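K.L.:
My structure is below; once you've seen it, I'll send some questions.
Read-outs: derived from the displayed coordinates by stated rules, not from any lab. Given the structure is predicted, the values throughout are model-derived calculations rather than measurements. When we count neighbours, we look across all protein chains shown, and the Cβ atoms used for this are built from the backbone with ideal geometry, even at glycine.
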Amino acid sequence: MSSSKKIVPTQMDIGISEKDRAKIVDGLNRMLADTYTLYLKTHNFHWNVTGPMFQTLHLLFMDLYNEQWMAVDLIAERIRTLGFPAPGSYQEFAAMTSIKDSKGVPSAKDMLRQLVEGQETVVRTARELFPVADKVSDQPTLDLLTQRMQIHEKNAWMLRSLLEE
């Protein structure tokens, strides 16, 4: 028998109302779910990539998933800093993510395409949250979002460049 407790945010006075913190956390939860899902997909592709570019892609995917693993912690800690629990289960992430799951083992080129799409999805999720955090002058969240958008946009560019003939 599972007992689910009602989420009661931590009481705090940081100049952002509980209602506004909840809106920001909702967006950060989706960003966390997208980032974790992209991490899993990238790690999966690292394990399963084959073909003439194996070594290059194997190492690139490892760099990407290591960076994403660190980002998951930053996002979750921001959620906690705002006074809410961070989601942390596959079920919760699956319900919130915008990233499509992959079936089977795609070709190396399809892996690249899916990772470009995943990187861009995280950017869009961050960009949607930006005006919510900006409206209440939540500079730490804005800084986190800016950094994440910059990293994911650059990653998408690098992955996309590997698809050019």
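K.L.:
Where the only charges are on Cβ atoms (+1 Lys, Arg; -1 Asp, Glu), what is the dipole of the chain about its Cα centre, to the nearest 20 debye?
P.N.:
380
K.L.:
Straight-line reach from LYS23: which aspartates and glutamates fall under 20 Å, measuring Cα to Cα and dropping same-chain residues less than 8 apart?
P.N.:
Hits, sequence-local ones excluded: ASP13, ASP34, ASP73, GLU77, GLU92, GLU128, ASP134, ASP138, ASP143.
K.L.:
Give me the aspartates and glutamates in straight-line cross-link reach of LYS109: C-alpha distance below 17 Å, same-chain residues under 8 apart excluded.
P.N.:
Those aspartates and glutamates meeting the cut-off are ASP101, GLU117, GLU120, GLU164, GLU165.
K.L.:
How tilted is helix 108-135 with respect to the longest principal axis of the chain? Cα atoms for both, answer in degrees (0 to 90, nearest 10).
P.N.:
That works out to roughly 20 degrees.
K.L.:
Shifting gears a bit: Could you work out [θ]222 nm for the chain from helices alone, using -39500 (n - 2.57) per DSSP H run of at least four and dividing by all its residues? Round to the nearest 500 deg cm²/dmol.
P.N.:
-25000 deg cm²/dmol, from helical runs alone.
K.L.:
Treating the angle as unsigned and between 0 and 90°, give the value, to the nearest 10°, between the Cα long axis of helix 139-161 and the longest Cα principal axis of the chain.
P.N.:
Taking the Cα atoms of the chain, the angle to 139-161 is about 10 degrees.
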